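Participant: Got a structure here, written out as C-alpha cells. Questions coming.
The values are calculated or read from the model by the stated rules, or taken from the named source; none is laboratory data. Bear in mind the structure is a predicted one, so any value in this text is a computation, not a measurement. Methodologically, a virtual Cβ is constructed for each residue, glycine included, from the backbone with ideal geometry; neighbour enumeration extends over all protein chains shown. Just so you know, the surface numbers come from the protein's heavy atoms only, side chains and all, with ligands and any DNA or RNA stripped out. Shrake-Rupley method; radii C 1.70, N 1.55, O 1.52, S 1.80 Å.
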Amino acid sequence: MASSSHLSGSPSAPLTLNRYFMELHNLQQRGEIKYTEDIQSAGPVNARTWSCFITAVSVGPAYNQACVRETFWHNADQKQAAKDGAAKQVLLNIGFNGAVH
C-alpha cells in the first residue's frame, strides 16, 4: 500500500484504496467539509476492535448536501483501518470522485 497523498482521477473514476482519512482531512483543511470524529475501542488488549464514527457537519456546494448531519462508521482490528473505512464512507456519500493514492 502506497503512502503518498497525491490526488488524481476524473469525475467518473472510482475511489481507490489507500489513505481515505488523509484525503478527508485534506478536504477539511481546504474548507470543503467540516466533520467531527469519534474513535472508540472495545475488547481485550490483545484483541481490540476499533470503531470510528465521522459526522459530516457541513459540506461545500459541490458535494451532496443530504449527507450533512449524517454519521458514518467503520469497525476494524486496527485504529487506522477503522478511520480509513469511515472516511471512505464519507467520501463516497458526499460524492467525492477523486482517486486516493
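Participant: On the basis of being open to solvent by less than 60 Å² (accessible area, probe 1.4 Å), out of contact with any helix residue (DSSP H, G or I) (no Cβ under 6 Å at 6 or more places or on another chain), farther than 13 Å from PHE96 by Cα and at pLDDT 95 or above, does VAL68 make the cut?
Facilitator: Numbers: open to solvent by less than 60 Å² (accessible area, probe 1.4 Å): yes; out of contact with any helix residue (DSSP H, G or I) (no Cβ under 6 Å at 6 or more places or on another chain): yes; farther than 13 Å from PHE96 by Cα: yes; at pLDDT 95 or above: yes.
In short, yes.
Participant: Considering the stretch 18-39 alone, what residues qualify as being open to solvent by 70 Å² or more (accessible area, probe 1.4 Å), in contact with a helix residue (DSSP H, G or I) (Cβ under 7 Å, 6 or more places away or on another chain) and not basic (Lys, Arg)?
Facilitator: none
Participant: Tally time: how many residues in the stretch 49-65 are out of contact with any helix residue (DSSP H, G or I) (no Cβ under 7 Å at 6 or more places or on another chain), open to solvent by 40 Å² or more (accessible area, probe 1.4 Å) and modelled with pLDDT of 95 or more? Please lay out each step first, then the result.
Facilitator: Just the residues of the stretch 49-65 that are out of contact with any helix residue (DSSP H, G or I) (no Cβ under 7 Å at 6 or more places or on another chain), to begin with: 49, 55, 57-58, 60-62, 65.
Remaining after also requiring open to solvent by 40 Å² or more (accessible area, probe 1.4 Å): 49, 57-58, 61-62, 65.
Checking the rest, the ones that are also modelled with pLDDT of 95 or more come to 49, 57-58, 65.
The qualifying residues number 4.
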